[in-house]
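Structure record follows, encoded as structure tokens.
The values are calculated or read from the model by the stated rules, or taken from the named source; none is laboratory data. None of these values were measured; they are calculated from a predicted model. Virtual Cβ from ideal backbone geometry, glycine too; neighbours counted across all protein chains shown.
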Amino acid sequence: MTAVTCELCPRGCVIPEGGAGDCRIRVNLGGRLRATTYGRPSAVHIDPMEKKPLYHFLPGTPVFSIATAGCNLHCLNCQNWQLSQRGGEEMEEVYRLDPPELVRVAKDEGCRSIAYTYSDPIVFYEYVFDSAERAHAERLANCFITAAYINERPLRKLCRVIDAVNADLKAFDDGFYRRVNGATLKPVLDALVTMREEGVWLEVTNLVIPTLNDDPAMIRRLARWVHDELGAGTPLHFSRFQPQYRMRNLPPTPVETLDRARREAKDAGLEHVYVGNVLGHAGNSTYCPNDGTLLIGRVGFMITHYALTADGRCPSCNEPIPGVWRSADLFGDEP
Amino acid sequence: MTTESHRSAGPTARRRILRLLGGLATLGLALPWLKRPAPEPLPPQVLSLREADFYRPHDLAG
């Protein structure tokens, strides 16, 4: 009887023969760990980049977005729980889309990148890695939307093929992670620092939940940590909570709370702080940190105004704005 | 002051019938597209057996 220890994420599940990890989709069959959703997504969509949200990465471009079943977190407020809190065998729809086919379809659909998203793509790691390698060969970028609960060794390997990450930093409190997400804070912070070290474009999202993680002092600590460890130019998104799944007892986040969080983060020195899930909010847009010029106007996922220069600078004061603004920044000019 | 609307007097009965037929024809043309099948899902039990990276086997037998 051979058990296996999965070394992908900090859970370190010890999986007996015939059993599955906590993520439900990594299964021990005959003493070998199998990634049962490899090439088998259950969600396939074309989204705008702004939906990820990635605001400083190829803005306004369509992204071929996929997810399989399974997740290594169990957030009480999960908005994709029908996908994330199930195993592959429980899904009503499972598509066959192996890496070569995935890249071909993404390209045929006119997308310039592929996003591994919705559930946590960490759990379909091998599928992401093989697809991302192939995508690069076809000049498609790779976006990874994650809660960053991953061990260092697999993460460093993954960073070789990932171009942009939006990582959830769910709270700056270990107790919150344990109660609400079934995880811990430190591995997440370590993973974000590793991503920064590896040179991946990184944006951070904090979903602000009334009474649970909206304490101004906690938000200040979170913003300071992002500033000190990831850099003042790291975009930070404060998203509005909507009651769902097992957390229907709390109201949506008041807009004033998000405004206050944004002010705290700016006071901490962060240059690009956004408010998400509030249609038409001024905090959806990008402004020059030097002279306040509106650079990219957004309403929802739509871009309504674009004033950045071709090389990503403010047109009035020439301030460089951090980000990846053109495919050529990743792959060089078209051959 | 007049009670006459500034809009036109409206379509004749013949035009109304033609519009109705046109609408039905458009609907007929659109139906196959509306009913376009999604990619065929696999039976749920058809899962991959791809070997995972990053794991360590160990013998539990004592």
| task | Sort out which residues of the stretch A:1-43 are of a type in the set (K, R) and at the interface with chain B (Cβ under 7 Å from one of its Cβ atoms), and write them in order of number. | result | A:R26, A:R32, A:R34, A:R40
| query | If you scan the stretch A:163-207, which residues turn out to be at positive phi and β-branched (V, I, T)? | reply | none
| Selection within the stretch A:13-47 - surrounded by fewer than 24 Cβ atoms within 10 Å (Cβ to Cβ) and under 22 Å from the mean Cα position of the chain (by Cα) | A:D22, A:R24, A:G39, A:A43, A:V44, A:H45, A:I46, A:D47
| field | Filter result (more than 16 Å from A:S285 (Cβ to Cβ) and surrounded by fewer than 14 Cβ atoms within 10 Å (Cβ to Cβ)) within the stretch A:304-319 | value | A:T309, A:A310, A:D311, A:C317, A:N318
| field | Residue among A:E109, A:E50 that is under 30 Å from A:R139 (Cβ atoms), surrounded by fewer than 19 Cβ atoms within 10 Å (Cβ to Cβ) and more than 10 Å from chain B (Cβ to nearest Cβ) | value | A:E109
| said: Name the single residue that is farthest from the other protein chains (Cβ to nearest Cβ) among those in the stretch A:73-106 being touching a Pro at 6+ places or on another chain (Cβ under 9 Å) and crowded, with 19+ Cβ neighbours inside 10 Å. | reply: A:N77
| Matching residues in the stretch A:121-173 - criterion: being of a type in the set (S, T, N, Q) and either within 12 Å of the chain's Cα centre (by Cα) or not assigned by TED's automatic domain parsing to the domain that holds A:V44 (or both) | A:N142, A:T146, A:N166
| task | Run A:G276 past the list (1) loosely packed, with under 14 Cβ neighbours inside 10 Å; (2) touching a residue at least 24 places away in the same chain (Cβ under 8 Å) and report the number of the one that doesn't hold. | result | (1)
| request: Among the candidates B:P37, B:P32, single out the residue that is farther than 15 Å from A:Y38 by Cα, surrounded by fewer than 10 Cβ atoms within 10 Å (Cβ to Cβ), within 14 Å of chain A (Cβ to nearest Cβ) and modelled with pLDDT under 60. | output: B:P37
